[in-house]
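Trainee: There's a structure below that I have some questions on.
The values are calculated or read from the model by the stated rules, or taken from the named source; none is laboratory data. Predicted, not measured: the structure shown is a model, and the values here were computed from it. Here the Cβ positions follow ideal geometry from the backbone for every residue, glycine too, while neighbour counts run over all protein chains shown. Please note that ligands, DNA and RNA were not included when accessible areas were found on the heavy atoms of the full protein model with its side chains. Shrake-Rupley method; radii C 1.70, N 1.55, O 1.52, S 1.80 Å.
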Number of protein chains: 2
Amino acid sequence: MKDIQAFVFDAYGTLFDVHSVMAACNKAFPGRGEALSQLWRAKQLEYTWLKTLMGRYEDFWQITEAGLIFACKALGLDTPPGVRTQLMSEYLRLAPYLEVHEALTSLAPLPLSILSNGSPWMLAAVVERAGLKERFVQILSADEVKVYKPSPLVYELAPRRLGIPKESICFVSSNSFDVIGAKAFGLQVCRVNRANVPLDELGFVPDAEVRRLTELQQLLKT
Amino acid sequence: MKDIQAFVFDAYGTLFDVHSVMAACNKAFPGRGEALSQLWRAKQLEYTWLKTLMGRYEDFWQITEAGLIFACKALGLDTPPGVRTQLMSEYLRLAPYLEVHEALTSLAPLPLSILSNGSPWMLAAVVERAGLKERFVQILSADEVKVYKPSPLVYELAPRRLGIPKESICFVSSNSFDVIGAKAFGLQVCRVNRANVPLDELGFVPDAEVRRLTELQQLLKT
């Protein structure tokens, strides 16, 4: 990768571990936590795509709650409103991956930002709680354009709001569709592939791939 | 439901059983047929959504093949091109559900059509093979508008090409996102819920729900 002037990170699944909600799910429904958190996450993503295609944008909090409601129904889990509120609140205190602080420090000479589907207030809460607020020059949300990734309108926020050409931005994501969407738009893209799984077959591949965020600094040397 | 002047059917999963490919998958990969056919179908749908969002339409045959390639990789199944071709060809001879002939006969006084993501030639092949060609006045494909369901541009094909107001068309689908997309556009919608599973939480519900297509004729009496 060359001429990188800024790093832009996806949030959920890239900086913050969405499956850290699994513990809370397992506490509410012993033995069903993994199934619930996986179906919840799958439906959360699916609903962002379907709502965008239908031209019926709703903010990420509503989408996330709808995904939870469906996942509980589909798994036959009776969920009182109190339990639902408790599980939803986990999204405001997701744990960052262990290497996040070290990785961001190593990249700090360059401006670092977030570009996420999350609502601005959700992102603010999770970044604040993780002690990462001072790390980022911009926290950009799909909510500004009222469509979700992988629409090019979302990725276009990065060069426009940063004032840096898209070819000089390195976008970093763990989500296969997000990697591909950003590449299709024209950003430089590094995939974080922690689980060593194949990339989706959607016609685009990232410029680089790492297993951990701490490997990103090596991209600056090449 | 009232003032129904025409029925329009989804194809895959509604008239034709997409999991009839499971047998072929199981023959190619003994014991892995169910996992492969389910992941293949899930990726096929996901890729229609993602390609549409990226503004990178590809026809349903290409999407279906990409889904198969990914599913095989993700499951660690080594797939020679010959096996892939064989599995793909199953999509041209999907079995209709057992009650399809009887159900269509009972509705025949009204014009019957198909509105599907499938490419025109894929739909023609599967309809011809099932002996259903004479049943339909129109076979409409998302390929005409180069986006996939649940984009309203797809559903808009039905009233436009049939010359019937959208409020007087009954759209029939087994796919939750398709039921909801059609309803959001403004068609009357009947869901076919063979497996008795919950509807996705996307803000719209169908006008009616049946377990089998043979129950559709009862909608004309209410």
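Trainee: For region B:192-207: of the residues being away from every other protein chain (no Cβ under 12 Å) and surrounded by fewer than 18 Cβ atoms within 10 Å (Cβ to Cβ), which is farthest from B:E99 (Cα to Cα)?
Mentor: Once the filter is applied, the top-ranked residue is B:V205.
Trainee: Pick out, from region B:23-90, the helices (runs of 4 or more DSSP H) lying fully within it that include 2 or more residues that are touching a Pro at 6+ places or on another chain (Cβ under 7 Å) and farther than 30 Å from A:K146 by Cβ.
Mentor: So the answer is B:60-74.
For every residue, the table says whether it meets (1) open to solvent by 10 Å² or more (accessible area, probe 1.4 Å); (2) of a type in the set (A, V, I, L, M).
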{"residue": "A:A103", "(1), (2)": "no, yes"}
{"residue": "A:A124", "(1), (2)": "yes, yes"}
{"residue": "A:L132", "(1), (2)": "no, yes"}
{"residue": "A:Q138", "(1), (2)": "yes, no"}
{"residue": "A:K149", "(1), (2)": "no, no"}
{"residue": "A:I164", "(1), (2)": "yes, yes"}
{"residue": "A:D178", "(1), (2)": "no, no"}
{"residue": "A:G181", "(1), (2)": "no, no"}
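Trainee: Run down B:A142, B:A130, B:A95 and say which single residue is in contact with a strand residue (DSSP E or B) (Cβ under 8 Å, 6 or more places away or on another chain) and within 14 Å of chain A (Cβ to nearest Cβ).
Mentor: Every option except B:A142 fails the conditions.
Trainee: Does A:V189 count as β-branched (V, I, T), surrounded by 15 or more Cβ atoms within 10 Å (Cβ to Cβ) and in contact with a helix residue (DSSP H, G or I) (Cβ under 7 Å, 6 or more places away or on another chain)?
Mentor: Yes.
Trainee: Turning to a different aspect of this structure: For A:F171, are the conditions met, namely being open to solvent by less than 40 Å² (accessible area, probe 1.4 Å) and either hydroxyl-bearing (S, T, Y) or within 14 Å of chain B (Cβ to nearest Cβ) (or both)?
Mentor: The answer is no for A:F171.
Trainee: Further question on the same structure: Consider region A:49-78. How many of its residues are open to solvent by 20 Å² or more (accessible area, probe 1.4 Å), in contact (Cβ under 8 Å) with a residue 40 or more places away in the chain and facing another protein chain (nearest Cβ under 9 Å)?
Mentor: Qualifying residue count for the region: 1.
Trainee: Inspect region A:152-162 for any residue being closer than 25 Å to A:H101 by Cβ, without any contact (Cβ under 8 Å) to a residue 12 or more places away in the chain, away from chain B (no Cβ under 14 Å) and out of contact with any Asp or Glu (no Cβ under 9 Å at 6 or more places or on another chain) and give the result as yes or no.
Mentor: No: region A:152-162 contains no residue that is closer than 25 Å to A:H101 by Cβ, without any contact (Cβ under 8 Å) to a residue 12 or more places away in the chain, away from chain B (no Cβ under 14 Å) and out of contact with any Asp or Glu (no Cβ under 9 Å at 6 or more places or on another chain).
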